[in-house]
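Colleague: Quick one: this structure, given as structure tokens, is what I'll be asking you about.
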Amino acid sequence: MKIGISCHHTYGGSGAVATELGKALAARGHVIHFINRSAPFRLGAYSKNIFYHEVEAMHYPLFECPFHSLALATKIAEVAMYEKLDIVHAHYAIPHALSAILARQMLEDKCSESRCFRLATTLHGTDITVVGADSSMQGIVRLAINKSDGVTAVSEYLKRETVRLFEPRKEIGVIPNFVDTGVFARMPDGAAIREQLGLGDEKICIHISNFRPVKRIGDVLRAFRTIAGRLSATLLLVGDGPERSEAEEWVRKQGIADRVRFLGKIDDIVPLLSVSDLMLMPSSGESFGLAALEAMACGVPVIVTTAGGFPEFIRDGEHGFLVETGDVERMSEKGLSVLADVGVWKEFSENCVRQARNYHISGLVERYEAFYLRLLGERGRR
């Protein structure tokens with residue numbers, strides 16, 4: 001198959017999943033065309049089956065709104081026509097699915113309905129629970145869903161929220177996020193990695209996100225402050241975003257700045273996860289929680305909230321612990337119980353690795369292939 005993929009290129013779960021999916025499909029012989037403003041952050045080296053098309057949007061002072069969505073539609077139409085794409089897979093209802101719908105309309109006089117690309121849309125969360133929930137955007141998100149040929153969500157939670165908020169006519173399937181356990185695995189040279197990072201033998205907590213309010217960075221810091229008051233520990237904060245400056249100021253005022261490392265955006269997080277003992281993810285909303293799954297694949301127990309999709313793959317008392325959103329006291333208490341007992345940590349770590357294998361990329365890629373083939377079969381019957 002010839003498949004176009006449009007996704008957010010920046011740091012975040014949706015872009016990571018879309019890119020890893022494209023790379024895995026290319027390895028299975030499909031031809032993949034990424035159509036984005038910039039190259040996805042996890043794209044890495046190119047292969048003979050992977051192509052990247054940059055979207056360049058013009059700027060004109062008369063218009064306050066950017067032209068990116070229109071430029072994206074034009075580029076999708078161009079690539080679809082000249083590369084004869086079978087599928088365009090939009091990751092996020094807006095702008096990607098909406099731009100793909102417009103692209104298909106642009107091609108109406110150039111290809112028959114039976115030959116035009118089929119549009120697969122995957123909902124990742126923010127397009128539904130944040131942007132889509134805004135009254136000014138609800139109608140356009142619902143249109144993007146209903147005009148797609150097939151729609152999937154990354155968790156049962158997100159599917160329920162989509163149905164509740166939009167009452168779409170289109171049936172929504174669920175294909176969960178995945179992890180390449182061949183890549184995300186605990187590296188054996190932990191001591192060398194610690195030395196490179198300037199770490200000693202203290203316990204390492206980690207948090208990875210885009211530092212938006214929904215990630216509740218303040219809860220991470222308060223829980224860590226309690227943990228660091230009871231045992232020797234360092235917190236690694238990976239990522240960047242609007243909450244970072246406030247977080248940096250808070251740790252300085254609390255006198256724990258020497259125990260907290262702000263590492264910024266890092267593409268290769270496996271070495272960091274390989275020396276980590278505990279992941280803290282107190283999000284108030286999480287459509288799936290890919291960062292937690294990747295941590296588990298590297299043998300890192302997790303403390304997460306009951307919000308969103310976490311309970312669908314994390315079992316309380318087996319892979320770590322689930323706590324209510326905002327319950328910093330329980331988060332720090334459970335974190336200490338894992339870090340202070342080597343036997344408990346080892347058991348949880350092994351459980352995490354086993355669970356991550358259930359979400360290995362190969363099985364999920366096959367489900368996406370079947371999804372695409374079903375959409376193409378429906379095109380053939382028209």
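Colleague: Does S69 meet the test of being within 26 Å of the chain's Cα centre (by Cα) and at pLDDT below 90?
Modeller: Against the criterion (within 26 Å of the chain's Cα centre (by Cα) and at pLDDT below 90), S69 qualifies.
Colleague: Here's another thing I want to ask about it. Residues to consider are A370, A295, A291; find the one that is assigned by TED's automatic domain parsing to the domain that holds T226, outside any loop (DSSP other than H, G, I, E, B) and closer than 30 Å to K2 by Cα.
Modeller: Answer to the selection: A291.
Colleague: Of all residues in the range 349-358, count the ones that are surrounded by 19 or more Cβ atoms within 10 Å (Cβ to Cβ) and either more than 23 Å from L235 (Cα to Cα) or touching a helix residue (DSSP H, G or I) at 6+ places or on another chain (Cβ under 6 Å) (or both).
Modeller: 2
Colleague: What's the number of the only condition in (1) part of a strand (DSSP E or B); (2) out of contact with any helix residue (DSSP H, G or I) (no Cβ under 6 Å at 6 or more places or on another chain) that L272 fails to meet?
Modeller: (1)
Colleague: Within the range 281-297, is even one residue within 30 Å of T121 (Cβ to Cβ) and in contact with an Asp or Glu (Cβ under 6 Å, 6 or more places away or on another chain)?
Modeller: The answer is yes, given that some residue of the range 281-297 is within 30 Å of T121 (Cβ to Cβ) and in contact with an Asp or Glu (Cβ under 6 Å, 6 or more places away or on another chain).
Colleague: Might you let me know whether the range 330-348 holds any residue that is loosely packed, with under 15 Cβ neighbours inside 10 Å, assigned to a helix (DSSP H, G or I), touching a residue at least 12 places away in the same chain (Cβ under 8 Å) and not small (G, A, S)?
Modeller: No, because not a single residue in the range 330-348 is loosely packed, with under 15 Cβ neighbours inside 10 Å, assigned to a helix (DSSP H, G or I), touching a residue at least 12 places away in the same chain (Cβ under 8 Å) and not small (G, A, S).
Colleague: Quick one: is A191 free of Cβ contacts under 8 Å to residues at least 12 places away in the same chain and small (G, A, S)?
Modeller: Against the criterion (free of Cβ contacts under 8 Å to residues at least 12 places away in the same chain and small (G, A, S)), A191 qualifies.
Colleague: Also, I was wondering about something else. Looking at V163, V131, V151 in this structure, which one is modelled with pLDDT of 90 or more and not in a helix (DSSP H, G or I)?
Modeller: Matching residue, one of V163, V131, V151: V151.
Colleague: Continuing with the same structure: Counting only residues that are within 24 Å of A223 (Cβ to Cβ) and assigned to a strand (DSSP E or B), how many does the range 175-206 have?
Modeller: Total satisfying the criteria: 4.
Colleague: Answer yes if at least one residue in the range 181-195 is closer than 14 Å to R261 by Cα, at pLDDT below 95 and surrounded by fewer than 21 Cβ atoms within 10 Å (Cβ to Cβ), and no otherwise.
Modeller: yes
Colleague: When you go through A191, A185 one by one, which is the residue that is over 25 Å from the mean Cα position of the chain (by Cα) and within 23 Å of D341 (Cα to Cα)?
Modeller: Testing whether each residue is over 25 Å from the mean Cα position of the chain (by Cα) and within 23 Å of D341 (Cα to Cα) leaves just A191.
Colleague: Let me ask something else. So is E366 without any contact (Cβ under 8 Å) to a residue 12 or more places away in the chain and within 14 Å of V179 (Cα to Cα) or not?
Modeller: Yes.
Colleague: Please go through the range 15-41 and give me each residue that is at pLDDT 75 or above and polar (S, T, N, Q), ordered by number.
Modeller: Residues satisfying the conditions are T19, N36.
Colleague: So which residues in the range 252-276 are closer than 26 Å to A307 by Cα and over 22 Å from the mean Cα position of the chain (by Cα), if there are any at all?
Modeller: V260, the sole residue that qualifies.
The values are calculated or read from the model by the stated rules, or taken from the named source; none is laboratory data. As the structure is a computational prediction, the values presented were derived from the model and not from experiment. A quick note on method: Cβ atoms are made from the backbone with ideal geometry, for glycine too, and the neighbour counts reach across all protein chains shown.
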